[in-house]
Amino acid sequence: ENGLDGWLRYAPLPCTTQCHSKVPANIVVLNATETSPIYVAGTELQTGLKSICGSHAELIHGQCKASSSVVVGTIEQYRKTCGNLSEIPELEEDGFWLSTKGNDVQILGSNDRGALYGAFEYLSMLAQGNFSEVAYATSPSAPIRWVNQWDNLDGSIERGYGGPSIFFKNGTVVEDLTRVKQYGRLLASIRINAVVVNNVNANASLLSSENLKGLGRIADAFRPYGVKVGISLNFASPETFGGLDTYDPLNSSVIKWWSNITDQLYQNVPDMAGYLVKGDSEGQPGPEIYNRTLAQGANLFAKALQPYGGIVMFRAFVYNQLNESDWKADRAKAAVDFFKPLDGEFEENVVIQIKYGPIDFQVREPTSPLFANLLNTNTAIELEVTQEYLGQQSHLVYLPPLWKTVLDFDLRVDHKPSLVRDIVTGKRFNRKLGGSAAVVNVGTNTTWLGSYLSMSNLYAYGRLAWNPADDPEAMVQDWIQLTFGLDPTVLKTLTRMSMESWPAYLNYSGNLGIQTLTDILYTHYGPNPATQDNNGWGQWTRADHTTVGMDRTISNGTGYSGQYPEEIAAMYENIDTTPDNLCLWFHHVNWTHHLHSGKTVIQHFYDAHYSGADTAQSFFTQWESLKGKVDEERYNHVRHRLDYQTGHSIVWRDAISNFYYNMTSIPDDSKRVSHYPWRIEAEDMALDGYKTYTVSPFEAASRSVAIV
Ligand code: BDP
């Protein structure tokens, strides 16, 4: 149980289910070559049935069999080979039909990929002991269901917490691509159809001929799983790598250079998904240096890709350093300021990839207003599975409840229902392309992400990319059963822990919309509220001894609320109609301001930090109650992480509570903050093999002193 198989363990069901008598004796694989996803579907079904049910099913290629079979293939192949098929609903690309009614199990895709997805769906049912009779068709909500890896060519991963890259080492693609195949298998099972393999802060030497061959090998490893490869580009490549004296997107030699590179890429990767581009952001080069628009920049790549059907994912995460003295400067406004004027100017194969909130993967943000401002442009939502600001896999934080605050948000464009999930899938504004991308950053650690429990986020991301209306609790329950088995106590306990985890982290890190309060300058980890202000990236908490929060209203503040459609803007403009959970995002108030809940802001801070840390501490004891019900290897690993979280949630609680207590001098009604009658300071004990050191920020340890 080292985690490599993730949720695809195919653990044997208890003998009592007698499932071998309930599954067909043959697997009919229609018309599959060895590298096709249908072929993989066949072998996956055979392995799965054996492992889950202990039954050996014969693999039969290319012909229908009269006796009971699992038939896997495309609908078209089925009609040709097996004859009539009852009426099945129309399927989109990658969709599938699954029927377990009657003698046969039919797993029929609209294409090869869909057939493989259906096979995983059937196995997921069996692995959960579900033998019910079903017959249904399902199709993806959107064609773009991608993941992004921020892997560097030297093998490190930006914001990756699961070990070094599975793709790159020492400047080139690794020899042994076993892990890439295993990743492809996991991704196919959650219906992800493309991976951008290198960091958005891209290194142009990915385009060397040796690396193009390497990309070809990665694509070969992924292809049987229906997963395509995409790459991130560095805008300045024609100059820094190609030796031209410019990278101006309108310059003809630059245009030629990119189309030549694109040709070479497609020679190596004939089915490449496309490009991901971060330009003019955080020091990355872009079109602005030549006074060209972001649309002109994006279209440069779009045109090079058009002959091949490729897509440009162009990131909306574009912002400049702010002028600290300008109190109206607000980075949250950057995306709309840059992109709204360009709506309609992008080629049809450009998709603007928009982070869920206007800043950067914070623990709570309002929905990015850009979703409501691009009516004639394709869009996709960008989520983050790697827990960059969210405990870096050392804290349990099940993210779908956070993602749903955005996906289910109704932006009321033109006073009509406009859920973000309907905008990014293209439904609301009738766009052909759209969908989602998530920064995942798995590494070579056998747990993939560094922690067993974080894999629920990857699993659920795939499910939401397929169907953004899926329910977070139902998704995590499937994941738990597939990952840890069918014990009802395990299911109940882990469901509870998972569902409580984001609200808990929110409470002990940054609540009321004040952002995450982590160190913002580099690590994005651990409490460091002092770094949130007075830096070139933002002026976010605007806290002083009497007031806190950022006034983003049109009337008195930065004007950010005016970027939303009228009804939403009006709601946020007025503090009475702004929900408490975003109060400090939109308004600058006294610490003694009374929230809708009746509490003052400062008392809410104290209470939330205590209750959040209390909940996090309960995870440890909840998990300990599962001893003996989860295998020892995973039990101990998770226990260790939760033990750490228990302590670190207290560090968070005390650091933040004390920081604001020191700033405001407003005492805690419950007299907890700054009073720790029970506490024994480690530095006061006889230290054998430890020494003391002074921490920074000072609030991160009582009396600023920790031991090491
Ligand atoms: C921030 C990360 C940084 C990324 C950047 C991005 O801290 O490492 O390069 O986003 O998304 O969240 O481009």
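Residues that are more than 15 Å from the ligand (Cβ to nearest atom) and assigned by TED's automatic domain parsing to the domain that holds Gly435 do not occur anywhere in segment 313-321. Taken together, the criteria place Gly391 among residues that are buried (at least 23 other Cβ atoms within 10 Å of the Cβ) and either among the basic types (Lys, Arg) or assigned to a loop (DSSP other than H, G, I, E, B) (or both).
The residues on offer are Ile107, Ile60, Ile52, Ile75, and the sole one that is out of contact with any helix residue (DSSP H, G or I) (no Cβ under 8 Å at 6 or more places or on another chain), under 28 Å from Ile192 (Cα atoms) and surrounded by 21 or more Cβ atoms within 10 Å (Cβ to Cβ) is Ile75. In segment 1-37, of all residues being surrounded by 15 or more Cβ atoms within 10 Å (Cβ to Cβ) and among the acidic types (Asp, Glu), the one that is nearest to Ser51 (Cα to Cα) corresponds to Asp5.
The set of residues from segment 131-180 being among the polar types (S, T, N, Q) and either within 16 Å of the ligand (Cβ to nearest atom) or within 17 Å of Phe96 (Cβ to Cβ) (or both) comprises Thr138, Ser139, Ser141, Asn148, Gln149, Asn152, Ser156, Ser165. In segment 12-81, counting only strands (runs of 3 or more DSSP E) that sit wholly within it, the ones holding 1 or more residues that are of a type in the set (Ser, Thr, Tyr) span 69-74. Among the residues making up segment 334-373, those that are in contact with a strand residue (DSSP E or B) (Cβ under 6 Å, 6 or more places away or on another chain) and more than 28 Å from Gly510 (Cα to Cα) are Asn349, Val350, Val351, Ile352.
Quick grid of which residues meet (1) assigned by TED's automatic domain parsing to the domain that holds Asn148; (2) within 16 Å of the ligand (Cβ to nearest atom); (3) buried (at least 22 other Cβ atoms within 10 Å of the Cβ):
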| residue | (1), (2), (3) |
| --- | --- |
| Gly230 | yes, yes, yes |
| Asp245 | yes, no, no |
| Ser252 | yes, no, no |
| Leu265 | yes, no, yes |
| Asn268 | yes, no, no |
| Gly274 | yes, no, yes |
| Pro285 | yes, yes, no |
| Asn291 | yes, no, no |
| Ala304 | yes, no, yes |
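Out of Phe339, Phe317, one residue alone is touching a helix residue (DSSP H, G or I) at 6+ places or on another chain (Cβ under 9 Å) and in a helix (DSSP H, G or I). It is Phe339.
When segment 353-385 is examined, which residues are found to be acidic (Asp, Glu) and either buried (at least 23 other Cβ atoms within 10 Å of the Cβ) or under 13 Å from the mean Cα position of the chain (by Cα) (or both)? Within segment 353-385, Asp360, Glu382, Glu384 qualify. Among Arg634, Arg639, Arg703, which is the only one that is free of Cβ contacts under 8 Å to residues at least 60 places away in the same chain, farther than 30 Å from Asp533 by Cβ and among the basic types (Lys, Arg)? After ruling out the rest, the residue left standing is Arg639.
The values are calculated or read from the model by the stated rules, or taken from the named source; none is laboratory data. Computed from a predicted structure; not experimentally measured. In this analysis, Cβ positions are derived from the backbone assuming ideal geometry, glycine residues included, and neighbour counts consider all displayed protein chains.
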